[in-house]
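These notes concern the structure reproduced below.
The values are calculated or read from the model by the stated rules, or taken from the named source; none is laboratory data. Since the structure is predicted, the reported quantities are computational estimates derived from the model, not experimental observations. Glycine gets a Cβ as well: all are built from the backbone with ideal geometry, and neighbour counts include every protein chain shown. What goes into the accessible areas is simple: the full protein's heavy atoms, side chains included, and nothing from ligands, DNA or RNA. Shrake-Rupley method; radii C 1.70, N 1.55, O 1.52, S 1.80 Å.
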Amino acid sequence: PPGDFGGVSPSRAQKLRAWNRLDWELYRHLNGSFWKRAEAFGIPRLRREVRRLRERREGLAKMCLKGGGPLPARDIPEGRFRPFQPPGGGDVLGFALREGLEPPERELCVR
């Protein structure tokens, strides 16, 4: 249930609520300002732009990325594209560029 901190003392629960209040207020503010801007931009127009962006991202992934998507760090040969792996954490995935890209394509893909 909301507000149930499962075995946490009431004083600790109060501190947790106070601590998270700033996050909640920030979320509410940013969410509200996003939707105001989205409505001003036009929701149908925003949906079209999101669809175009997704199509472009998918096209670039097919052109640029080995495997077309994220890979485990051990499968990324180029060190500068290999993500940092925090100690004790799970695997952080990254991206590897396809081999054989022409210089202009490679430059676009690196960017």
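Max-minus-min Cα coordinates of the chain on each principal axis give 61, 45, 21 Å, with the largest extent listed first. In the context of the full set of protein chains, the chain has a per residue accessible area of 84 Å² (1.4 Å probe).
Using every pair of separate Cα atoms, the Kirkwood estimate puts the hydrodynamic radius of the range 54-105 at 11.9 angstrom. Nonpolar atom fraction for the chain, defined as the carbon and sulfur part of the 1.4 Å probe accessible area, stands at 56 percent. Among 88, 32, 68, determine the one that fluctuates most according to a GNM of the chain built with springs between C-alpha atoms less than 10 Å apart. Greatest mean-square fluctuation among the candidates belongs to 88.
Helix 43-64 and the longest principal axis of the Cα set of the chain meet at an angle near 50°. Taking all protein chains together and a 1.4 Å probe, the residues 43, 76 rank 43, 76 from largest to smallest accessible area. Taking 0.36 nm per residue of separation and subtracting the current Cα-Cα distance, fully stretching the chain between residue 60 and residue 107 would add 15.7 nm. If you plug the beta carbon distance of residue 40 and residue 74 into 1/(1 + (r/R0)^6) with R0 = 41 Å, you get a FRET efficiency near 0.35.
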